[in-house]
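The values are calculated or read from the model by the stated rules, or taken from the named source; none is laboratory data. This is a predicted model, so every value here is computed, not measured. With ideal geometry, Cβ positions are generated from the backbone for all residues, glycine too; neighbour counts draw on all protein chains shown. For accessibility, only protein heavy atoms count, side chains too; no ligands or nucleic acids. Shrake-Rupley method; radii C 1.70, N 1.55, O 1.52, S 1.80 Å.
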Amino acid sequence: PYFIDLNQNLYLQACLHSSDPNLKVFVDTCVASPDPRDFRTLAYDIVRDGCPRDSSYATFYSPSSHFARFKFNAFEFISHHPSVYLKCELMVCRLGDYSSHCYQGCTRRSKRDTSS
């Protein structure tokens, strides 16, 4: 466990372990939950589909495309849940592929028309 006070910034770094220098890592989704086995029932989106959902979320520059650095403020769900667990999904793209999700970042998907 990592102990942190409420409203304190929590800094994270994800690292891609690959010898291929032409890859880029991107934080696609990060969800918090008080239950490490259930990230749906009582969950809080920090990032979803590359779009920040928490106003305290921020990304940081990294000298290597193999690292994704970000932060958000620590919080609690309810006083009955003293721990918060994170589940993050990362995306790996080709370096320089500007049509990829890694470079486009937050792209709100439009809903499909269901009319006949």
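With pairing defined as another cysteine C-beta under 4.7 Å, the cysteines of the chain that fail it are Cys15. Can you give me the % of accessible surface on the chain that is carbon or sulfur? Probe 1.4 Å, all protein chains present, nothing else counted. Carbon and sulfur together cover 49 percent of it.
Placing unit charges on each Cβ (+1 for Lys and Arg, -1 for Asp and Glu) gives the chain a dipole about its Cα centre, and among Tyr103, Thr29, Ser83 the Cα reaching farthest toward its positive end belongs to Tyr103.
Remark: segment 9-95 carries 60 Å² of accessible area per residue (probe radius 1.4 Å; ligands, DNA and RNA excluded).
Report note on the peptides 98-105, 23-30: ranked by the mean count of other C-beta atoms within 10 Å, highest first, their order is 23-30, 98-105. Within segment 1-64, the ratio Rg/Rh, alpha carbon atoms throughout and Rh by Kirkwood, equals 1.00. Computed from the Cβ-Cβ distance with R0 of 30 Å, the FRET efficiency linking Asp97 to Asp38 stands at 0.30. Using the rule -39500 (n - 2.57) for each DSSP H run of four or more residues, divided by the residues of the chain, the 222 nm mean residue ellipticity is -500 deg cm²/dmol. Apply the Debye scattering formula to the chain, with a single equal point scatterer on each alpha-carbon and no solvent, then give log10 I(q)/I(0) at q = 0.23 Å⁻¹. The computed values of log10 I(q)/I(0) come out as -1.33.
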